[in-house]
Amino acid sequence: MPAGLRVYLIDNMFRVGIIGVAVFLTGLAAAVLRLPEWRNRSVPDEAFFATRLHEVANQAGLALESEPRARLRSKSWLHDEEVLGVHESAYDSLGPDAADWLAREGRGPYVETIARSRWSEGRKSAGELRVLFSLRGVPVSAMWMADDPFRSSARGKIENDGLRRRALLRVFAPGGVAETEVTVLGETVHLAPVPNADPAESLLGTAITGPDMPYIQRIVGAPHFWRERFESLTLGSLLITRAPPALVRGILYFATLILFILLLARHRIELNKGLVLGAMSIALSIAGPIRNSTTWLQLFDTLADVIAKGLALFVLWSTAESWLRSTIPGFRTSLDLLRAGRLGPKGGKALLAGSGIGAAAAGLSLIALSLGTLVPGVAPANASVGMPLFGAPASPIDEGAIRTAYVMLAICAGLRWPLVRRFRGSATVLAGIILATRIPLSSFWVSLGAGLLLAIVLVRAYKAFGLTALLAASMMSAVLPAALFSTLHITWMPFSALLLIAVAIAPVAFGAIGVRRPAEVEEGALRMPTFVRRLEEENRVKYEMDLLARMQLGLLPQEMPRIEGYEIAAHSILATEVGGDLYDFLRDVHGRIWIAAGDVSGHGYSCAIAQAMVKAGLASLIEAERTPSMVLERLDHVLRGIGTSRTFTSMALLRLDPITGEALLSNAGHPFPFLATDGGAIRELELPSLPLGQGPPREYANVTFTLDPGAALLMFSDGLFEGTDATGRAYGFDRIRDLLAKAARRPAADILAALLEDWRAHVGTGTPEDDTTVVVVKRRL
């Protein structure tokens, strides 16, 4: 690579990297100032929380039967919290002051501590105790899950849930507390005040009658505040405030699955990279469920979630990449070069640019979440880094691949169905709507604005540097904050920290290596997926067929001959493939007009070549002293010498004296022309014969007639009468005859238009199965 070009690339990557790092550091500074999970950098060790779990178990009347295990979490476990707004309770109650309060209380991240346990005092069933602690060791939520939740009767479950829920209450209120029941959308929950809490907090307890699983969580706000809020909650208000992101996600998942099935059915999909990503997602996420599940039921349940997540990623990536390759002909990416071990300056540039852009995107996300803590109703609905890192609904690596796939889908949709004039604007709007569902802000509409900003960055990365830069940017935007956060808490998650640091460094390292390699390593063909090679072959054939079609049209006369006292009109409709219909007009030295209408058998190259030969043969063989039959016999001899046994040509050849109207016609297997008199009588010029170029040698005959004033001659190919409607019924000769009889007095152009209009009404507006050619010769009165 020339030294000047290398300096140019390195300088540009340096600028992009500096800007990206600057934006990320700005976002990091905002996060350290506002987001509780970034402000709480000191976390006690696992032994501290194990001791706290023993204390909590004693308060609830539980005996631990295993050593406690602890891990960091970003939020609680209650599935209904998105409906009830439990996670955002601090922001709902305290407004912009919530971030400071959460940081002081050590609420974010949390520490989940788990152990096998058994109830004492007559309640002998065994199960698992899970307590979520703040970083100060204060219980935030507690849940007990029975080993066999389906063993007891329904009434026994209700009674047990009540007893066990009240026992868990002692974890939060050792001296006891009064509960009140509230109905939330048909479900009963229990509210109780947290003693001596400042600001006021409530205990939300559930009485689940299905599985034996009492659950209690602290929420910020007095019981009366939450009672009024729960009682006023309706399905309509819930749909207005919570439905948009869920609706977008549901539509997106369904549409992606349908598209996956369609691509699979059309054999236009490549599954290898999707399988690798799905398998990687499952492999990285499977350790947590195995380590933290204490029963086979729990293990199967959590493993099912992990496998479903991996399958979803497999479908999403396979669909997005395959649709992009199918949509953009000749699509290539430096990812293909990287996979082939041929990364060079172009790929290195894309990786470095993507890394810098991804750092900027990560910084913008942190800035958006930090600013959300200052605005009521816009606060973060979850932490900026989901934990456990590889046990959340999407790990940072999964999230990077998901963002890339979503932007690819938006780009394809923008190319096919643009919302605005330019596809980049359409792709940005679509990607922004999709990415809004990935930004954890309480207000979907503010998330939409942040999603549009993120989409602008990612679509710009793709437009400027390609898919490799998009993948690097998406991956870096998700991985970089998680890598830095896990490094701050490396004693809690050493494996995650090391893996994420490696993933964050890899694009920069490979990019630096790539820009220093010679450009020649990226030259040469790449082995593409099978369906891409097939599509390229189909596109090549289509392109060549288009060329042949243009060549065929070029062989036809560009304008009709002008003959005093006559009108000539002609039109040829091409079929789906290049066919062989032709017509031509020639003059001899005596001023007579020769009109040829023919059809070369077959389609494609051989047909187009044979057309050219027939046209050249006519031009060389037509002479004044010859008759049409003599020309056809000589043309038959020529075609036999240069053609193949599978190629033949039908042709009707007319010699017309424009002064007298005398005509001489010979036919070589072509449909018989129709002659219409001025009075409307129709005569079929029958002249049975065989086509040119095949079969035994033969002689051709001539038929003589006169084209009187007002008469019209109609010559046509078999595509006219063989054209079929939706039921398979052919157009036939009778309709040709009847229409010609009605239109015989009209000019030649009108006769042609009327005939083709009636034919189109029969066969439909689609491309016909065979070429269709019509020539009309009309003698004026």
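Couple of notes before you dig in:
- Scan of segment 259-284 for residues that are over 19 Å from D305 (Cα atoms) and open to solvent by less than 70 Å² (accessible area, probe 1.4 Å), ordered by number: L259, F260, L263, R268, I269, E270, L271, K273
- Considering each residue of segment 669-689 in turn, none proves to be polar (S, T, N, Q), in contact (Cβ under 8 Å) with a residue 40 or more places away in the chain and outside any loop (DSSP other than H, G, I, E, B).
- Hits in segment 363-377 - residues which are open to solvent by 20 Å² or more (accessible area, probe 1.4 Å) and among the hydrophobic types (A, V, I, L, M, F, W, C): L364, I367, A368, L371, L374, V375
- Filter result for E633 (closer than 25 Å to G710 by Cα and over 54 Å from the mean Cα position of the chain (by Cα)): no
- Against the test of being over 30 Å from A90 (Cβ atoms) and surrounded by fewer than 23 Cβ atoms within 10 Å (Cβ to Cβ), the options V429, V459, V407 yield a single qualifying residue, V429.
- Candidate set: segment 369-381, residues that are part of a helix (DSSP H, G or I) and within 13 Å of V32 (Cα to Cα); chosen: the one nearest to the chain's Cα centre (by Cα): L369
- Some residue of segment 395-418 being closer than 29 Å to A308 by Cα, at pLDDT below 90, over 24 Å from the mean Cα position of the chain (by Cα) and part of a loop (DSSP other than H, G, I, E, B): no
- In segment 174-194, the residues that are assigned to a loop (DSSP other than H, G, I, E, B), open to solvent by less than 60 Å² (accessible area, probe 1.4 Å) and within 18 Å of H224 (Cα to Cα): V177, E179, V194
- Residues that are over 13 Å from I568 (Cα atoms), open to solvent by less than 30 Å² (accessible area, probe 1.4 Å), out of contact with any Asp or Glu (no Cβ under 8 Å at 6 or more places or on another chain) and not small (G, A, S), drawn from segment 728-751: I736, L740
- Test: residue in segment 380-392 that is buried (at least 24 other Cβ atoms within 10 Å of the Cβ), more than 30 Å from D100 (Cβ to Cβ) and in contact with a Phe, Trp or Tyr (Cβ under 9 Å, 6 or more places away or on another chain): yes
Yes/no per residue for (1) open to solvent by 50 Å² or more (accessible area, probe 1.4 Å); (2) part of a helix (DSSP H, G or I); (3) touching a His at 6+ places or on another chain (Cβ under 8 Å); (4) touching a residue at least 60 places away in the same chain (Cβ under 8 Å):
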site	(1), (2), (3), (4)
V23	no, yes, no, yes
L28	no, yes, no, yes
V32	yes, yes, no, no
P44	no, no, no, yes
F49	no, yes, no, yes
V56	no, yes, no, yes
S66	no, no, no, yes
K75	no, no, yes, yes
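- Hits in segment 616-667 (condition: more than 16 Å from L692 (Cα to Cα), in a loop (DSSP other than H, G, I, E, B) and among the basic types (K, R)): R626
- Selection within segment 287-308 - modelled with pLDDT of 70 or more and crowded, with 20+ Cβ neighbours inside 10 Å: V306
- A Cβ distance below 7 Å, combined with a sequence gap of six or more or placement on separate chains, defines the contacts here; from segment 469-491, residues that are within 10 Å of A362 (Cβ to Cβ) and touching a residue at least 60 places away in the same chain (Cβ under 8 Å) reach residues that are open to solvent by 10 Å² or more (accessible area, probe 1.4 Å) and not in a helix (DSSP H, G or I) in the pairs P481/S384.
- Tally, over segment 691-717, of residues that are surrounded by fewer than 17 Cβ atoms within 10 Å (Cβ to Cβ) and modelled with pLDDT under 90: 5
- For segment 87-107, a residue qualifies if it is outside any helix (DSSP H, G or I) and either at pLDDT below 80 or open to solvent by less than 10 Å² (accessible area, probe 1.4 Å) (or both), and the qualifying residues are H87, E88, G106.
- Number of positions in segment 618-676 that are closer than 27 Å to K778 by Cα, among the β-branched types (V, I, T) and open to solvent by 60 Å² or more (accessible area, probe 1.4 Å): 2
- Test: residue in segment 348-366 that is of a type in the set (D, E, K, R) and farther than 30 Å from L311 by Cβ: yes
- A754 being touching a Leu at 6+ places or on another chain (Cβ under 7 Å) and surrounded by fewer than 17 Cβ atoms within 10 Å (Cβ to Cβ): yes
The values are calculated or read from the model by the stated rules, or taken from the named source; none is laboratory data. Note that this is a predicted model, so its numbers are computed, not measured. When we count neighbours, we look across all protein chains shown, and the Cβ atoms used for this are built from the backbone with ideal geometry, even at glycine. With ligands, DNA and RNA removed, areas are computed over all heavy atoms of the protein, side chains included. Shrake-Rupley method; radii C 1.70, N 1.55, O 1.52, S 1.80 Å.
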